[in-house]
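Below is one structure; the comments refer to it alone.
The values are calculated or read from the model by the stated rules, or taken from the named source; none is laboratory data. Note that this is a predicted model, so its numbers are computed, not measured. A quick note on method: Cβ atoms are made from the backbone with ideal geometry, for glycine too, and the neighbour counts reach across all protein chains shown.
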Amino acid sequence: MAKIRRLVLDVVIPNIVDVVKLTQDLADLAAVKGANSMVSEIDKNVINLKLVLEGADLKFKEIEGVIQSHGGSVHSIDNVVAGKEIIEVVETPQD
């Protein structure tokens, strides 16, 4: 089976969670080469994050476990890149 190289996740966490610590914990996973957290929205109770993770063989369940350990949940999987290379999205005339 092809290995996952990049995941882009829409994540919801309680607004008391330290986004820096969550990102560091994700980056500390053995398969993760880099982690990027971007806050997209903050309200009274929650923070919405866009998480971009890259590595040679990402394990979704392991990543989800770290997010859940911080009280968060994966709202959606927005992008998955798998295979030998990372293929970037290319705009086409239809876009």
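Quick notes on this structure:
- Residue match in the stretch 3-13 (condition: free of Cβ contacts under 8 Å to residues at least 60 places away in the same chain, within 24 Å of residue 89 (Cα to Cα), of a type in the set (D, E, K, R) and touching a strand residue (DSSP E or B) at 6+ places or on another chain (Cβ under 9 Å)): no
- The single residue among 17, 52 that is surrounded by fewer than 19 Cβ atoms within 10 Å (Cβ to Cβ) and farther than 15 Å from residue 73 by Cβ turns out to be 52.
Yes or no, residue by residue, for (1) surrounded by 15 or more Cβ atoms within 10 Å (Cβ to Cβ); (2) over 14 Å from the mean Cα position of the chain (by Cα):
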{"residue": "40", "(1), (2)": "no, no"}
{"residue": "43", "(1), (2)": "no, yes"}
{"residue": "61", "(1), (2)": "no, no"}
{"residue": "69", "(1), (2)": "no, yes"}
{"residue": "81", "(1), (2)": "yes, no"}
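- Only residues that are aliphatic (A, V, I, L, M) and within 15 Å of residue 83 (Cα to Cα) were counted across the stretch 54-71, and they come to 2.
- Pair list, Cβ under 9 Å, 6 or more apart: the stretch 29-42 residue part of a loop (DSSP other than H, G, I, E, B), other residue small (Gly, Ala, Ser) and at pLDDT 95 or above: 29/35; 29/55; 30/55; 31/55
- Each residue in the stretch 2-14 was checked for being modelled with pLDDT of 95 or more and farther than 17 Å from residue 77 by Cα, and 1 pass.
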